[in-house]
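S.K.: Starting off with a structure, shown below.
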Amino acid sequence: MFRLTEASAEDDPAASGPGPDLDARELVPPPPLSVKEIGRLLLRTWPHLKPVAWHVVGWFSLAMVIGLIVGYVTITGVDLLTNAVLNAQAIAPLQQLVLILDPSYVEAAELTADQRTTILVRLILYGVAFTILIRMLADALGVVYWETWIAQAINQNLRVKMIENAEHLSLRYQSHARTGDAIYRVFQDSRMISNVISTIILDPLEQGAAMLGAFVIIWFFSPVLGTIFTVASVPIFLVVVWWTPRIQRLSWLSRQSNSDVTSRIQEVAASIRVLKANQAEDLAVARFDRDSRAALDYAYYLRLEIMLLLIVITTIAAVTLIAADYLMADWTVAGDPTFLGGVFAFILTFTIWNFGAFEAARENNEELIGKYNFLFVTWVRAIDMAMGLNRAFYLLDLKPGVAEREDAVPMPAPIDEIRYEGVSFAYDADVPVLTDVNMTARPGTITAIVGATGAGKSTLMSLLLRLYDPDAGSIRINGTPLDDLTIDSIRANTAIALQQNVLFATTVAENISYATPGITREDIRRAAEVACADAFIAEMADGYDTELGERGGKLSTGQRQRLSIARALVRNTPILILDEPTASLDAETEHEVLANLADWGRNRVVFVITHRLSTIRSADQIAFLKDGRVTEVGTHEELMAEIDGDYRRFVAEEVRSTPA
């Protein structure tokens, strides 16, 4: 089974990304699960089933009562039709009471034509009335809808828990996992838990009771028949055991290939502009076609294996039925007594082997063989569910790489100082991103994080949010290490405007106030003013109530950037992180935004990740990163005074590369 730690996510062939060569991805199924492991997976569903356990008991009890009534009525109908109507045989006392007939129907040596007609008419009327009654009863009690509600309630609970756990996983895991795979696990694999109720619990109990009833009836007719059908179960069992690993393997491949299709759809949807700009639509379609064909092939091979197994089982069943029919025909011709016919003479009239007994026994033989097939189908579905549950529980069982201590305390207030002390970090152990970083920031200051692409600027700020934990060193707020503080208090007191400017297909006001409850329209307006967004919002058709398109597609890049800044500002937190906040702004707007931020940031700690010299110059201090190390800290003037300084060379290079 898969290892259930976040750090091992990249080792899981189902969770890992495709690697550098997306087209070279090869599906390698895990070792087959043992029966014990499959059972353990199914038992793990109990905490999710427990909230609806009494609903399950109630539904099953109701279904069993209806099933017993239907079973008795069916076999009584066969008895009356074959023995009373066709063979003029007297009926049993209980049958006379149910059909409301006089005692002559029980006492007669042979029924008259009128009596047989009366029984046939009443059988038809009773049959129609019974069918309508059972249908009305089932509908009135909501048997089908009740079962559906139970299944959906269980599925809903598991999906929410999976999403909740996935959201708490650190970005170290997210950077390796495919988004589409997580979507497939939550949407499709999680559905297996709702099938556990019907496939593993309710249906087997219901069908098992019917199978037990069929076994009892067969032994009622003859112990020889009972022995034959018991012996026939042995080769069926052995064949299923031999075939199980093959079905497991193909079930996993089918699910993982479908997960790859989902990932491909997500990748295409997320990069549609890039595909169009690079005329790569044909390449994307070709890749999707390959993944889709692979999913289709694995689904086909899985069903082919199941069909072949069913053919083998059906062959064994057919041989068993032929042998049973031969023996029953011989007993019927000889008129031999049935094994326990006399014991149940009050209820049924199958005391000897006649045509009616032959048909009733034959029907139960076929019923029992049908239950054997049902058990096989149930086992195959259990295997498939185990594969799905294994994938679903994998996501559910991943432990966050960033864990909160039990004795963690809220972030101190007010903030006097944020200090990085010897902080080192690497996504992969052999590729360090940050090394021995030391830096201090205080309220009322703007700290610019500067460096070449890949220097570790965004990672440095991600550590402050505890999206990752340092491999060495610590980050302290007022002297308290970050990992001694509650994660919720850290993130509640830190706002961030991302470089991606992610917006949602809702109103401007709802985008600005996203995930910030209790915000008033005036708070939203003030944040927009600081971000220099109020003016262009006012020009929109519905102002702050204007609906934005998907990802804010109706706005320019600069407008989206200002809304992203306003979203961070409206949270009114003591710590603000801005990732390239003015990259898409013109010089005049940039100057105005920075001036507003300087005024807004009094008594707050503000970090700005940027390449733009105009933004850097306005910062109170600059931390320059080179190869994951903070090599210089100071104001623009102080760092420019260093003749051979890294920052001075960086500025000179930026000036040379900036168009005149």
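S.K.: At a 10 angstrom cut-off on C-beta neighbours, averaged per residue, how do the peptides 457-467, 71-81, 98-108 rank from highest to lowest?
M.R.: Working: 457-467: 20.9, 71-81: 17.7, 98-108: 13.5.
With the highest mean Cβ count within 10 Å placed first, the list reads 457-467, 71-81, 98-108.
S.K.: Using 1/(1 + (r/R0)^6) with R0 = 25 angstrom and r between the beta carbons of T227 and N373, what's the FRET efficiency to the nearest 0.05? Write out the running numbers ahead of the final one.
M.R.: Details: r = 20 Å, r/R0 = 0.81.
Approximately 0.80, to the nearest 0.05.
S.K.: Which residues among the range 559-575 fall inside the zone where the amide N is under 18 Å from a point 7 Å beyond the Cα of E539, along Cα→Cβ?
M.R.: Residues 559-564 fall inside that zone.
S.K.: Calculate the length of the line joining the C-alpha centroid of the range 522-548 to that of the range 74-88, in whole Å.
M.R.: After rounding, the separation between the Cα centres reads 82 Å.
S.K.: Compute the accessible area per residue over the range 588-648, keeping the other protein chains in place, probe 1.4 Å, unit Å². Could the numbers behind the result be given before it?
M.R.: Values: 3040 Å² over 61 residues.
Counting only protein heavy atoms, the per-residue value for the range 588-648 is 50 Å².
S.K.: What chymotrypsin sites (Phe, Trp or Tyr not before Pro) does the range 605-660 have in DSSP loop regions with at most 14 other beta carbons within 10 Å?
M.R.: On the way: sites: F607, F624, Y647, F650; in loops: none.
Sites meeting the loop and neighbour criteria: none at all.
S.K.: Give the shape of the range 541-636 as rounded, prolate or oblate, defined through the alpha-carbon gyration tensor: a ≥ b ≥ c are the square roots of its eigenvalues, a/c under 1.5 means rounded, and otherwise the shape is prolate if a/b is larger than b/c and oblate if not. Kindly include the intermediate steps, with their values, before the conclusion.
M.R.: Working: a/c = 2.14, a/b = 1.81, b/c = 1.18.
Prolate.
S.K.: Is the C-alpha gyration tensor of the range 434-550 telling us rounded, prolate or oblate? Criteria: a/c under 1.5 is rounded; beyond that, a/b larger than b/c is prolate, otherwise oblate. Mind dumping the intermediate values first?
M.R.: Numbers: a/c = 2.40, a/b = 2.03, b/c = 1.18.
It comes out prolate by the Cα gyration axes.
S.K.: Which loop-located GluC sites (Glu not before Pro) does the range 531-628 contain, where loop means any DSSP state but H, G, I, E or B and the Cβ has at most 13 other Cβ atoms within 10 Å?
M.R.: Values: sites: E539, E547, E550, E588, E590, E592; in loops: E539.
In loop regions of the range 531-628 (DSSP not H, G, I, E or B), the sparsely surrounded GluC sites (Glu not before Pro) are E539.
S.K.: Quick check on packing: order 483-491, 614-622 by the mean number of other C-beta atoms within 10 Å, highest mean leading.
M.R.: Descending mean neighbour count gives 614-622, 483-491.
S.K.: If you count only protein heavy atoms with a 1.4 Å probe, what accessible area per residue comes out for the range 51-110, rounded to a whole Å²?
M.R.: With all protein chains present, the range 51-110 gives 49 Å² per residue.
S.K.: Could you check the spin-label model distance between A492 and H591? Points 7 Å from the Cα along Cα→Cβ, value in nm.
M.R.: For A492 paired with H591, the spin-label model returns 4.1 nm.
S.K.: Once both labels are modelled 7 Å past Cα along the beta-carbon direction, what's the D436-D416 spacing in nm?
M.R.: The answer from the label model is 2.9 nm.
S.K.: Rank-order 504-515, 421-432, 521-532 by packing density, defined as the average count of other C-beta atoms within 10 Å over each peptide's residues, highest first. Let's see the in-between values first.
M.R.: Values: 504-515: 17.5, 421-432: 14.2, 521-532: 19.5.
My ranking of the peptides, most packed first, is 521-532, 504-515, 421-432.
S.K.: Measure out, as a whole number of angstrom, how far apart the alpha-carbon centroids of the range 407-433 and the range 292-312 sit.
M.R.: A separation of 52 Å, based on Cα centres.
The values are calculated or read from the model by the stated rules, or taken from the named source; none is laboratory data. A quick note: this is a predicted structure, and the numbers were derived from the prediction, not measured. All Cβ positions, glycine included, derive from the backbone under ideal geometry; neighbour counts span all protein chains shown. Quick note on the areas: whole protein, heavy atoms, side chains included, nothing else; ligands and nucleic acids left out. Shrake-Rupley method; radii C 1.70, N 1.55, O 1.52, S 1.80 Å.
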